[in-house]
Amino acid sequence: MSEVDGLTPTKTGDERITYRGPIKKLLVSPEIGALIGAVVVWAFFWGNGDKFGTAGSTANFLDVAAPLGIMAVAVSLLMIGGEFDLSAGVMTGASGVTIALMAKYFTDGGISLWVCIPAAFLLAGCVGWWNGFLVNRTGLPSFIVTLGSFFVIKGANLVFSKRINSLVNVSDVDKAHGYKFFKAVLGGENKFGDMKYRDIIFIVGGILFAVLMILGFIEQSLVRKQSISASDLIVSLIGVAGATFGVMTLHRTDSVNGNTVAGVVGLIGTVLAIVFYARARFEKREKIAGGFPPAAKTLLLLGILGTAVASLTGQLFDRNEERVMLQWMPTNLRLAVAILGGAFPLAMTIRSFMRGDIERRGRVISLLILRLPIICLVSLTGVVSLFQLTTVQAVRAVIITVAGTGAATCFYQARRAAGKASTKWFVNIGLLMTAAFLVVAFALRADSSAPRFRGGIFTSLLLGATLVLATTLVEASHRARTKADVSADQLGRRMILLGLIIGGIALAVRLVLSDGVFRMSVFWWMFFTMVGAFVLTKTKYGNWIFAVGGNKDAARATGVPADKVKTALFVATSLLGAFVGAMILMRLNSVQAQQGDGQEFEYIIAAVVGGNLMTGGYGSVVGASLGALIMAISKNGIPAAQWNQDGRFIFLGAVLLVSVLVNNYVRKKANEQR
Amino acid sequence: MSNKTPLLELENVSKYFGNVKALENVSTTVIAGQVTCVLGDNGAGKSTFIKIISGLHKPSAGKYMFEGHEVAFDSPRDARSLGIATVYQDLAMAPLMSVWRNFFLGSEPLRRFGPINLLDSKFARATAKEEMAKLGIDVRDIDQPVGTLSGGERQSVAIARAVYFGARVLILDEPTSALGVRQSDLVLGYVRAAAARDLGVILITHNPQHALPVGDRFLILNRGQSVGQFEKADLSFERLIELMSGRVHAA
Ligand SMILES: Nc1ncnc2c1ncn2[C@@H]1O[C@H](COP(=O)(O)OP(=O)(O)O)[C@@H](O)[C@H]1O
Ligand SMILES: [Mg+2]
């Protein structure tokens, strides 16, 4: 409209919306919890021992993750559409059994896989259609209907494999016609040899990722100046050079002295780069001259306590991998410690949670986070020493992780509380937080003879300290934007998107090509995740899926073919089940009749961990895929950390519970902000 | 006004659910540019009646005519294709979906991208905002979930949606029942605005105070039976209350 006067209109959003900064926007997306969860769980096991995170073990957990992830994609779409499929797990077995039996026994000497595999898909399609038909026709909960299918298929798998093959295991499919092709497409492994530039790609990609993320976030958070100041920009560029030098050296050197020098240069360089970039481009703010905010006091003390616990634990426990610990305590005493230490705070927390309304629950969750270090410290030490479930090193890693993240959360909240009252105290607490990161970094490094602790964890903690320092300084001296600014927001979003793409490629190069092996299963997992996410968010069918899950009557009333959508989702789930079955068969060259039995719950857990709402109408395919990744990491990490294997169920249960609570809390919080 | 040909005519329509007589021998007329109010207490059969009109239920007996031709709908889709749009009591919206996704639910705008049809979300966002502005509705954030809107705002999304999709008959099931005074006035304003755009509006309510100022014609139901259909000129507020209470029968 105003283009007529030759003026460029400054586009601003509706002034009644309080502008949601980039972090809040991120929190609204359903997959954010799973993304953070995957990183935390991975880092946790990585710090737990030297066996996890090597190229070989990465290939292992990706191998577990791929079939789980493919199924999680289907199950999450179905869940968003408001239904469950308990026959999804045994469907993978049914498809394997069908293909294997046909390939071996159909007519004399078997039949080509070009016939067997489509036949298995046809069968799966019929099962999916039947599930959908029954659910639509009877209106019964899909839990019941598909439970029926589950038992029928489970029985059929056993009956047919025993009758025809006289064993519950059908093997030697490799003699069938067409095996070579399907092996290559579905179960293939492509060897690349060792990739020479793998590490360089990873580091450069990682740095670009970090830089673009930081720039993108700043762009969306601050107010632009009229003109850019050149001198500040030059200082910023010098900082970039220092940062690059520091990070490169940190990655390459393993000697303590080299680490210190490189660390200091990298830290100062990064802080300079960020702070002066902000000075060059964004407007300053007035200082708030207030006193120390009393609200921050407890948080601050807890932060210091957590830092002390994390650092001291690093020093106190022996880092050997023995299971024997705290032998000097009598058994009864250890039992008492375990029960009291674990049960009491947990019971308190659960009680207040049951009673509370939403607002109180928010407080309870932060309380839970505060209490977690104590719960974990006392109860885990007790339980673990009593039953000797795991190694001393693993216990230490648990305590350090929990106390450390707890402390960081407390410091962060304290800084936030101070930010409203006084600029001086905002900076002071920020500096204290930086110091805490450095203390833990050096405490862990000094103690460890493991290269991983000296290198990776030390580097990460240094980078953490850097980021805290930089954000503190930037936030303290620049005005936060409270209005939408279309061009700046768009630029920021594009930077973040580009950063994510580059980071994703770097990570993929590092993870997927690890060991010089690329497995087709991983390719298919990525492929189906992308297709699923695309259908859900970018096509009208996605709109229909959300609608039939969110309000079926509404969907029908507006003309969405609700029954057809549900049936299609059931069919897709069964078909992907058949696909995964064929994939596993081609990989292993044999199939157990019980394969997939019980896995349906793991698919559902993966979807829920990934932020999908069990009642339907809300969720994310990418989240479900990440949920599958979390579960695969746990499955692989627990034995690598030499934990008691049966303990993985406890871990899975805890992951499920925590992620549902957090997802729920974040979603409510995010929507309240509107 | 009455010389206009009616958009809709229903003659002696009945609906039975097993042995429950939800509706018996009800007739009405709907004319473009006018508001026909269906009044009755809870359980009178109002929702059942409009579900028949919108094609969700098939009538057990009776005649259903659209622009003078007898019709029988297999699904709401058939009714919609003739321009009969319904805003249900439960609002026909998915609360966790954004305003624009709900606005275009079931009639998504598409954009070709190579061989595939993509959801045209840019167009959908802009159009939803613009169309609502035309009825005088200003939604803050087109991306917010419908569940976070106020009751009146939710109604307005539904009304704007129906008008945009070329509705000729707009059916509103108790749009004011859950609203406060101000929000009700607002929604009744949208109802008149829709009628002013030459739609035939059917407004269902059990509140005569809401019906009288906006209605041109009044169909009164009581326990599944029709008490009769009245023109505005023939009714006073007191008479309407008497008729609705079921104590007095029409002459
Ligand atoms: N699907 C159904 N099955 C059986 N009875 C129904 C059904 N739908 C409505 N009824 C009955 O029909 C009567 C009228 O209901 P309804 O049309 O919802 O009334 P109103 O909208 O006027 O409050 C009620 O007694 C109700 O119990
Ligand atoms: Mg009703």
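Side notes on the structure shown:
- Test item: B:141-147 mean partner chain Cβ contacts at 10 Å: 4
- With every protein chain in place and a 1.4 angstrom probe, the accessible-area ranking of A:180, A:635, largest first, reads A:180, A:635.
- Anisotropy class of chain B from Cα gyration tensor, a/c 1.5 cut: prolate
- Spatial offset of the stretch B:144-207 relative to the stretch A:493-559 amounts to 37 Å, using the alpha carbon center of each.
- Part-to-part distance (alpha-carbon centres) for the stretch A:595-666 and the stretch A:138-177, which is given in Å: 25
- For the stretch A:50-177, the square roots of the Cα gyration tensor eigenvalues, ordered a ≥ b ≥ c, give a/c of at least 1.5 with a/b no greater than b/c, which places it in the oblate category.
- Ligands, DNA and RNA excluded, the heavy atoms of residue A:538 present near 100 Å² of accessible surface to a 1.4 Å solvent probe.
- Average beta-carbon neighbours from other chains, 10 Å sphere, peptide A:610-619: 2
- Out-of-range pairs (alpha-carbon distance over 32 Å; input A:483/A:668; A:538/A:668; A:180/A:566): A:180/A:566
- Residue ranges B:159-166, A:397-404, A:604-611, B:126-133 sort as A:604-611, A:397-404, B:159-166, B:126-133 when ordered by packing (mean number of other C-beta atoms within 10 Å per residue, highest first).
- Neighbouring Cβ atoms from other chains, within 10 Å of the Cβ of residues in A:535-547, number 5 on average.
- Flagged links, alpha-carbon separation over 25 Å, of B:46/B:232; B:51/B:129; A:564/B:58: B:51/B:129
- Rounded to the nearest 20, the Cβ-based charge dipole of the stretch A:520-674 about its Cα centre (Lys and Arg +1, Asp and Glu -1) stands at 520 debye.
- Leaving ligands and nucleic acids aside, the A/B contact buries around 2400 square angstrom of accessible area in total at a 1.4 Å probe radius.
- The slack in the chain from residue A:126 to residue A:287, taken as 0.36 nm per residue of separation less the alpha-carbon distance, amounts to 51.1 nm.
- Plainly put, the stretch B:20-117 has a radius of gyration that is 1.05 times its Kirkwood radius, both from alpha-carbon atoms, as the Rg/Rh ratio.
The values are calculated or read from the model by the stated rules, or taken from the named source; none is laboratory data. All of these numbers come straight from a predicted model, not from anything done at the bench. Reconstructed Cβ throughout: ideal geometry from the backbone, glycine too, with neighbour counts over all protein chains shown. SASA here: full protein model, heavy atoms, side chains in, ligands and nucleic acids out. Shrake-Rupley method; radii C 1.70, N 1.55, O 1.52, S 1.80 Å.
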